[in-house]
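Asks: Starting off with a structure, shown below.
The values are calculated or read from the model by the stated rules, or taken from the named source; none is laboratory data. This is a predicted model, so every value here is computed, not measured. Every residue, glycine as well, gets a Cβ built from its backbone with ideal geometry; the counts of neighbours run over all protein chains shown.
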Amino acid sequence: MTSMMDMPLPSSGHDVFERILAAPAGVVAVRSEDGEALLEHFRGIARHSGQAVYLWQPGLGLSSLRDAHARVPDAQRLGQALRYMQQSMHFGVYVLQELELPLASTDLALLRQLARATTGHLRRVVLLNAPRALVEQLGELISCIDSEPELPQRLRLRDGRWLSGQA
């Protein structure tokens, strides 16, 4: 039996995952205060649903979140992993973590191509806590998601009317 404390927040990993899938762009920048917890949510989604969800990290390469021991061969470097993602003909969510600037111009070009991709199969490249400069470089090509729940607006009573905290 789960207590109220164990219940997921409205902005849980499932909600973030659904927003990633619904994003209009092929590349989605996700900001999260606790990236490791979000990855654990994604790992659970991959295991329970059978979804193809991958994680790329520098030095470790591209691996499946569903099966931690399943590594994609020849995808250790970012450029190799991006080419793999671009050539894949299957559904996939690819989380890129710990990206460091500056990116090679070829890697940036591949990210732009992946952002524009509108092929029949669903593919999302997720930039988890990417440097702000990279998000700005990709600009309008990508979608941005903040995984943290928004604080409710605080209402104030002024002159007999309720006003939001920003007024």
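Asks: For Trp162, only one of the following conditions fails: (1) hydrophobic (A, V, I, L, M, F, W, C); (2) at pLDDT below 85; (3) under 16 Å from Leu21 (Cα atoms). What is its number?
Replies: Condition (3) is where Trp162 drops out.
Asks: Which one is nearest to Leu122 (Cα to Cα) among residues in the range 62-111 that are free of Cβ contacts under 8 Å to residues at least 24 places away in the same chain and of a type in the set (Ser, Thr, Tyr)?
Replies: Taking the candidates together, the pick is Tyr84.
Asks: Does the range 121-136 hold any residues that are surrounded by 17 or more Cβ atoms within 10 Å (Cβ to Cβ) and either farther than 17 Å from Gly13 by Cβ or of a type in the set (Phe, Trp, Tyr) (or both), and which are they?
Replies: Matches in the range 121-136: Arg123, Val125, Ala130, Leu134.
Asks: Return yes when Arg71 is basic (Lys, Arg) and surrounded by fewer than 17 Cβ atoms within 10 Å (Cβ to Cβ) and no when it is not.
Replies: Details: basic (Lys, Arg): yes; surrounded by fewer than 17 Cβ atoms within 10 Å (Cβ to Cβ): yes.
For Arg71, the condition - basic (Lys, Arg) and surrounded by fewer than 17 Cβ atoms within 10 Å (Cβ to Cβ) - is met.
Asks: Among (1) within 13 Å of the chain's Cα centre (by Cα); (2) closer than 26 Å to Ala133 by Cβ; (3) modelled with pLDDT under 95, which single condition is Gly59 missing?
Replies: The failed condition is (1).
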